[in-house]
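Q: First the structure, which I've put down as structure tokens, then a few questions once you've had a look.
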Amino acid sequence: FWSPLKDDNWFVRGRAIDFLSELSKHEGLEKFHPLIAPAMSRILESLKDDEWYIREAAINCLSELAKYEGLEKLHALIASALSRILESLKDEDEDNRRAATNLMKLPNALLIIQFTIPGAFHELLNGHGNKKTNDHESKQLSGDGGGNGKHISFTVT
């Protein structure tokens, strides 16, 4: 079903990722978990694709999946890709850096990271960042630790 994610043509791979991203915007997404779960490894691999469009599409797809609170199993997979997502903050393509930044700003993404990977929060705030934009990047964390009002903001210029 997800063979287009492995296609040699970047356009076909991109359309498959975009389809999954659109699918994830619909209510009742948990019903599609058996279809989505097998595609996750390819989506995560796409974060390292040679084509900037594919990397950006993968980040945007993960953003959509991270928004959905009923897919904890997928959240664990997203969290397992934390290092790849953080590497995207240093991508040569500005749009990819911005997409990764937007993913990291999602409240669910923050909770996925904090509660799935111990110590990841510290790594996020202190160990990674875009060397090209660190001088222009601001990081702010606030909240009560329980997920209410918690946010992180990055400004990439």
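Q: Quick one: order ASP91, ASP49, ASP7 by neighbouring beta-carbon count within 10 Å, fewest to most. Working shown, then result.
A: Values: ASP91 20, ASP49 17, ASP7 13.
Starting with the residue having the fewest Cβ neighbours, the order is ASP7, ASP49, ASP91.
Q: Can I ask one more? Using the Karplus equation 6.51 cos²θ - 1.76 cosθ + 1.60 (θ = phi - 60°), what ³J(HN,Hα) coupling, rounded to whole Hz, does each residue of the range 31-41 give in order, writing x for Gly and Pro?
A: Those phi angles translate into 5, 8, 3, x, 7, 7, 3, x, 7, 4, 4 Hz.
Q: How much length would be gained if the chain were fully extended between TRP52 and ASP18, taking 0.36 nm per residue of separation minus their Cα-Cα distance, in nm to one decimal?
A: 10.8 nm
Q: If you don't mind, there's one more thing I want to ask. As a footprinting exposure proxy, order MET104, MET40 by other Cβ within 10 Å, with the fewest listed first.
A: Values: MET104 24, MET40 21.
Final ranking by Cβ density, sparse to dense: MET40, MET104.
Rule-based calculations on the coordinates, nothing more; no lab input. Because the structure is a prediction, the values reported are computed rather than measured. Counting neighbours? That spans all protein chains shown, and the Cβs are built from the backbone with ideal geometry, glycine included.
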